[in-house]
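Everything on this sheet refers to the single structure shown next.
The values are calculated or read from the model by the stated rules, or taken from the named source; none is laboratory data. As the structure is a prediction and not an experimental result, all values here were calculated from the model. Neighbour counts run over all protein chains shown; Cβ positions are idealised from the backbone, glycine included. The area values use the complete protein model at the heavy-atom level, side chains included, leaving out ligands, DNA and RNA. Shrake-Rupley method; radii C 1.70, N 1.55, O 1.52, S 1.80 Å.
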Amino acid sequence: MASRNRATGAGRRGSRLRRTAVSALSFLVLLVAGIGWGYLKLTGSIDTFSADGVSGDRPPGSSGGQNVLVIGSDTRSGKNKGLGGATGEVGRSDTVLLLHVYADRKHAVAVSVPRDAMVDIPACRKPDGSWTAPRHHSQFNGAFSVGETVEGNPACTQNTVEQLTGLRVDHTVVIDFAGFSALTSAVGGVPVCLPNDIYQRDLNPKRTTRGTLVFEKGAQTVSGQRALDYVRLRHGIGDGSDIGRIKRQQAFIASLVKKIKSRGMNPTTLLPLADAATDAMTVDPGLGSADKLLSFALSMKNIDLHNTKFVTVPWRYEGERVAVVEPDADALWAALKADRPLDAKKGTTASPKASRTPVSGAGIQVAVYNGTTVPGLAAKAAGLLRAQGFTVTNTATAQDQTRSATVVAYGPGQRDEARTTARLFPGARITESADAVSGIQVTVGQDYADGPSAAPDAASATPEVPAAIADEARSADDDPCENLSYG
């Protein structure tokens, strides 16, 4: 799946496939810190992956901002075992961040997508050239494993993110774990803070005893193996969830960026950082040379600490997995698509009036199904749709009348129409379906029966980015001892 432009043998490739989520941090830090890539004396070509698997059905590009998909691989082969990994040779993604760099090159927002989020995975190319069938309501990190190769499938993850967000991914970068210890050591350690003492069993829940103290409660500086342990830590803090770990990793990135900025552009410090990151990453062909990387990285050198934000896509638990919450998530994607920075203090976008556009169903055909036993629900939804200009082609009772949540299904190339339709049904899940070939299908659930009817004037406004998203955003200049519950 990946074309290795640098001459590397199997042994070196295995050693470079390090453990885990934190591998994505290196590249992200270098970008938002504005590292002077000119200090690098790169020879040869940068490792690239094949673009053959990138979907032909992609969102349009933006006029100014850029979106960078950063994937951390948690392949645990080779030397990963010595770094706390388990067994397994298949490349898997543990951390995925979509970094939106605004057109002014002074603001950036990194959005974390939980690995356990349930999403639709579109058709993806396998190593033998064949394409898989779309997978509905599947675990997000499964996209990277399509084809079951050591290198993983970054094109499939890119396709999935583009379908989920409606944003075009301009560049994709896959980072392994190599060089992370050197990165944290080169800056003299990273300030972190913990709400309570951490013991060996918190790092390894299979231990039968608590073990010795690993981290003391409070502020401290970590580097090398201790930095790895900190960002890998899941248990013993907050609710022990992966969501909590995402928040802690965001805090770590913010602290590391702040530390690098405070040290200035010192070649002695920056060379090992940049060298470690470039040696450990695989990029799309658009970044596949030292000159391209240099130009891209330097274009972001003026992003300051306060304007560097970290958020998590709106989510809720769905059993043991995570559901992406709509329309909250779509409101976030719409803000990024419009290149509007988040205002963490006010909990709104910088230009809220720009997002208040009417819902127009002109040219969109919709079939409506009642997925409950409540009579007349399909007709009620059909009336709402017609009032907004949609063409309702059919109303009927669904085969499954036990639906708790409303679902908006769409066929190939109808993602935008589905998003428009879903704006009238807050909380609806959007999914691709082979059955929706002649138009959008809305199956209303009990949530629609229980919720208030959407008034035309209320439905005419694009939902604002929920205040909680902006309020919970972490800036790179935040105190590392703030918000320590991590879930």
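Solvent-accessible area assigned to carbon and sulfur over the range 202-255 amounts to 46 percent, based on a 1.4 Å probe.
The length gained by stretching the chain between Ala467 and Thr221 to full extension, at 0.36 nm per residue less their Cα-Cα distance, is 85.3 nm. Karplus-based coupling profile of the range 131-148, in residue order and whole Hz: 10, 7, 7, x, 10, 9, 6, 10, 5, 4, 6, x, 5, 5, 8, 4, x, 6, with θ = phi - 60° in 6.51 cos²θ - 1.76 cosθ + 1.60 and x standing for Gly or Pro. Relative to the current alpha-carbon distance between Asn483 and Ser295, full extension at 0.36 nm per residue lengthens the span by 64.1 nm. Using the beta-carbon distance between Arg386 and Thr209 and R0 = 51 Å, what value does 1/(1 + (r/R0)^6) give for FRET efficiency, to the nearest 0.05? With R0 = 51 Å, the Cβ-Cβ based efficiency is 0.15. Using a cut-off of 19 Å between Cα atoms, the listed pairs Lys259/Lys301; Lys247/Lys337; Lys309/Lys337; Lys301/Lys337 include Lys247/Lys337; Lys301/Lys337 as exceeding that distance. The calculated FRET efficiency for Asp416 paired with His137, based on their beta-carbon distance and R0 = 35 Å, is about 0.95.
For the range 48-55, putting each phi into the Karplus relation 6.51 cos²θ - 1.76 cosθ + 1.60 with θ = phi - 60° gives couplings of 10, 9, 6, 8, 4, x, 6, 4 Hz, in residue order, rounded to whole numbers and with x for Gly and Pro. The slack in the chain from Asp447 to Gln399, taken as 0.36 nm per residue of separation less the alpha-carbon distance, amounts to 15.5 nm.
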